[in-house]
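Below: one structure, written as C-alpha cells.
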Amino acid sequence: GPSFDGQKVFRVVPQNDEQVEILNFLASITEVDFWQPDSVTLVRPKMQVDFRVEAEKSFEVEDLLKENGMEYQVLIENLQAALDAQFDSRTR
Amino acid sequence: TGGHSYDKYNNWDTIAAWTADIAAQNPDLVSRTVIGKTYEGRPMYLLKMGKSGSDKKAIFMDCGFHAREWISPAFCQWFVKEAVETYGKDTVMTTLLDKLDFYVLPVVNIDGYVYTWTNDRMWRKTRSKNAGTTCIGTDPNRNFNAGWCTVGASKSPCSSTYCGSAPESEKETKALADFIREHLSTIKAYLTIHSYSQLLLFPYSYTYNLPPNYQELNSIARAASKELASLYNTDYTYGPGATTIYLAAGGSDDWAYDQGIKYSFTFELRDTGRYGFLLPESQIKPTCEETLLAVKYIANYVLEHLY
C-alpha cells in the first residue's frame, strides 16, 4: 500500500463563512481527506474539522491556514508513525 | 481460531474463520448464516445469538460500514465474545440472551475492509466500480433509502460521500436491508457501530424533524452515555444526528427507524482525533468494555419495552 510517511492530520474550527470557503478552496486545489465531518461540503462555521493531507502539501496547507488567520492544530504529525503505532509492537 | 485475538485488529480472513469457529464452539448460543455476497464476491456472515426459543424478538447490530473504522468490527467481535463468555454468569446478559436474539453483522463493508489491510489503510467506501469514471466505491451510509442523496451526500462518484447510483445500489447495503425487511416483525432495535468522535446518535439525520419518540430516544441515549462513561469517564455527546452533527441523508439508522424499528442508534466510538481511525490496539479492550455497557443498557431497555 501507499506510504503515509509525513502525512499530517490537521484540526481547524472555521469561525465564519469566509473561513469555510478557505477550506473549500483548499479541497479544490489539493487532495484533502476529511476525517470529520465526512466531506468538505458538510463543513459549517464553528464546526471542528479534522482532515488529512499529503506529506508534500502539508507545508503549503499550513501556510494557507496561517495567511488566512485560521488557527489550527496538528493532530497527527506523521500518519505513518500513527499507523505503525496502532498495532501492539510487542507481539508483531 | 488461529491468529484471532479480541484485543487486536483482525483481518477479514481471520474474522471469517472466527465466525465459523465461534458458532461451532457455541452451538446452543450462536449460529452463522450468509445474508449475501459483497461486490467482490465475499460471503457476508451474520451471527445469530441467543438461547433457542420460539418467537423471540431481536436486536440487529452491525459494524464496519466504513472500511477504515477498524475499532468498529473489533467491537462486534468483542460483543459476541462477551455474550458467550458471560452467559450463565452475568444476570443481565443471561436474561438478554434468554429472551432476545441478537443478529450481529461483524463487517458490513468487507471488500473495503480487506482493501484497508492490503492497499490503502485510509479507504472508506465500498469497492464497487462506478460507470463512466475511474473513481471507485460508494459510501454505504449514504446508500439507504432515507431521504436518499437529498442532503449531506454527494452525487459525484469521486466523493467520499457518494450516495451511489440508486438507494441500495450496493450489494452489501441491499443484503443488509433485505435481511431486516425479511425479519421486520421480530427486529425491535437497530444498532450500528461507527468509530469517530464519541457520539450516540439517533434519528433523524436526513431532516431536522424529530422522531415521534424523540423524548424516549433522548432519554435512552442519555442513560446509555452515562453507563458508558461510568467505566473510564469517556464523554459522549448524544442526540439526533441532524442537530448533533449535521444533515446527512441515506443513513442506515434513519432507514431502519422509518421501517418501523423505533429504537435505532448509531454509536461513534472512542477517540476525538488523537488517533482518529488509528486507535492503538491497547485501546480496543477499554473501548469495547465501555461500549458494551451502553449496548447492554439499550438492549435491556428494549427488552423491557417490547412492542
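Scanning the range B:199-238 for residues that are within 14 Å of chain A (Cβ to nearest Cβ) and either assigned to a helix (DSSP H, G or I) or under 22 Å from B:Ile59 (Cα atoms) (or both) returns B:Leu199, B:Leu201, B:Ser205. Taken over the range B:220-241, the criterion of being of a type in the set (A, V, I, L, M) and under 19 Å from the mean Cα position of the chain (by Cα) is satisfied by B:Ile220, B:Ala221, B:Ala224, B:Leu228.
If the condition is being within 12 Å of another protein chain (Cβ to nearest Cβ) and either surrounded by fewer than 21 Cβ atoms within 10 Å (Cβ to Cβ) or among the charged types (D, E, K, R) (or both), then the range B:129-158 contributes B:Asp139, B:Arg142, B:Val151, B:Ser154, B:Lys155, B:Ser156, B:Cys158. Of all the numbered requirements in (1) of a type outside the set (Gly, Ala, Ser); (2) surrounded by fewer than 23 Cβ atoms within 10 Å (Cβ to Cβ); (3) away from chain A (no Cβ under 11 Å); (4) touching a Ser or Thr at 6+ places or on another chain (Cβ under 8 Å), B:Leu247 misses one, and that requirement is (3). If you check A:Gln73, A:Gln48, A:Gln7 for being surrounded by fewer than 13 Cβ atoms within 10 Å (Cβ to Cβ), modelled with pLDDT of 95 or more, under 30 Å from B:Trp117 (Cβ atoms) and out of contact with any Ser or Thr (no Cβ under 6 Å at 6 or more places or on another chain), only one passes: A:Gln73.
Hey, among B:Gly50, B:Gly64, which residue is out of contact with any His (no Cβ under 7 Å at 6 or more places or on another chain), farther than 30 Å from B:Trp123 by Cβ and not aliphatic (A, V, I, L, M)? Spell out the reasoning first.
On the way: B:Gly64 fails: farther than 30 Å from B:Trp123 by Cβ.
B:Gly50 is the lone residue from the list that is out of contact with any His (no Cβ under 7 Å at 6 or more places or on another chain), farther than 30 Å from B:Trp123 by Cβ and not aliphatic (A, V, I, L, M).
So for the range B:115-128 (the condition being buried (at least 21 other Cβ atoms within 10 Å of the Cβ), in a loop (DSSP other than H, G, I, E, B) and in contact with a His (Cβ under 6 Å, 6 or more places away or on another chain)), does at least one residue qualify? So far as the range B:115-128 goes, yes, one or more of its residues are buried (at least 21 other Cβ atoms within 10 Å of the Cβ), in a loop (DSSP other than H, G, I, E, B) and in contact with a His (Cβ under 6 Å, 6 or more places away or on another chain). The residues of the range B:106-137 that are farther than 20 Å from A:Pro2 by Cα and more than 18 Å from the chain's Cα centre (by Cα), listed by number, are B:Ser128, B:Lys129, B:Asn130, B:Ala131, B:Gly132, B:Thr133. B:Gly112 satisfies every condition listed in (1) crowded, with 24+ Cβ neighbours inside 10 Å; (2) within 14 Å of chain A (Cβ to nearest Cβ); (3) touching a strand residue (DSSP E or B) at 6+ places or on another chain (Cβ under 9 Å) except (3).
Among what's in the range B:263-300 and is among the acidic types (Asp, Glu) and in a helix (DSSP H, G or I), pick the residue that is farthest from B:Gln215 (Cα to Cα). Explain how you work it out, then say what you get.
Going residue by residue through the range B:263-300, those that are among the acidic types (Asp, Glu) are B:268, B:271, B:281, B:289-290.
Next, only the ones that are in a helix (DSSP H, G or I) stay: B:281, B:289-290.
Numbers: B:Glu281: 36, B:Glu289: 27, B:Glu290: 24 Å.
Only one residue fits best here, namely B:Glu281.
Just name the residue that is nearest to the chain's Cα centre (by Cα) out of those in the range B:41-52 that are more than 23 Å from B:Tyr297 (Cβ to Cβ) and not charged (D, E, K, R). Give the steps one after another, and end with the answer.
Going through the range B:41-52, the residues more than 23 Å from B:Tyr297 (Cβ to Cβ) turn out to be B:41-46, B:52.
Still in the list and also not charged (D, E, K, R): B:41, B:43-46, B:52.
On the way: B:Gly41: 21, B:Pro43: 17, B:Met44: 14, B:Tyr45: 14, B:Leu46: 12, B:Ser52: 24 Å.
Within the range B:41-52, the match that is nearest to the chain's Cα centre (by Cα) is B:Leu46.
For first residues located in the range B:147-165 and touching a residue at least 24 places away in the same chain (Cβ under 8 Å), partners that are crowded, with 18+ Cβ neighbours inside 10 Å and among the basic types (Lys, Arg) and lie 6+ apart or on another chain with Cβ distances below 6 Å form the pairs B:Ala153/B:Arg142; B:Ser160/B:Arg124; B:Thr161/B:Arg142; B:Cys163/B:Arg142.
Here are some residues: B:Asn209, B:Asn213. Which one is more than 30 Å from B:Arg32 (Cα to Cα), touching a residue at least 40 places away in the same chain (Cβ under 8 Å) and of a type outside the set (Lys, Arg)? So that I can check it myself, show each step before the final result.
On the way: B:Asn209 fails: touching a residue at least 40 places away in the same chain (Cβ under 8 Å).
The conditions single out B:Asn213.
Residues in the range B:253-298 that are facing chain A (nearest Cβ under 9 Å) and small (Gly, Ala, Ser): B:Gly273, B:Gly276, B:Ser282. Of all residues in the range B:256-299, those satisfying the criterion of being under 29 Å from A:Asn78 (Cα atoms) and aromatic (Phe, Trp, Tyr) are B:Phe267, B:Tyr275, B:Phe277.
Looking at A:Asp17, A:Asp50, A:Asp33 in this structure, which one is of a type in the set (Asp, Glu) and more than 11 Å from the chain's Cα centre (by Cα)? Steps first, please.
Numbers: A:Asp50 fails: more than 11 Å from the chain's Cα centre (by Cα); A:Asp33 fails: more than 11 Å from the chain's Cα centre (by Cα).
Being of a type in the set (Asp, Glu) and more than 11 Å from the chain's Cα centre (by Cα) holds for just one of A:Asp17, A:Asp50, A:Asp33, which is A:Asp17.
Kindly evaluate B:Arg121 against the criterion of being within 11 Å of chain A (Cβ to nearest Cβ) and farther than 30 Å from A:Ala81 by Cα. No; evaluated as a whole, the condition is false for this residue. Just checking, does the range B:148-166 include any residue being in contact with a helix residue (DSSP H, G or I) (Cβ under 7 Å, 6 or more places away or on another chain), of a type in the set (A, V, I, L, M) and modelled with pLDDT of 95 or more? Checking the range B:148-166: at least one residue is in contact with a helix residue (DSSP H, G or I) (Cβ under 7 Å, 6 or more places away or on another chain), of a type in the set (A, V, I, L, M) and modelled with pLDDT of 95 or more.
In the range B:177-198, of all residues being in contact with a helix residue (DSSP H, G or I) (Cβ under 8 Å, 6 or more places away or on another chain) and within 14 Å of chain A (Cβ to nearest Cβ), the one that is surrounded by the most Cβ atoms within 10 Å (Cβ to Cβ) corresponds to B:Ser195.
The values are calculated or read from the model by the stated rules, or taken from the named source; none is laboratory data. Since this is a predicted model, take the numbers as computed values, not measurements. Cβ sites come from the backbone with ideal geometry, for glycine too, and all protein chains shown count toward neighbours.
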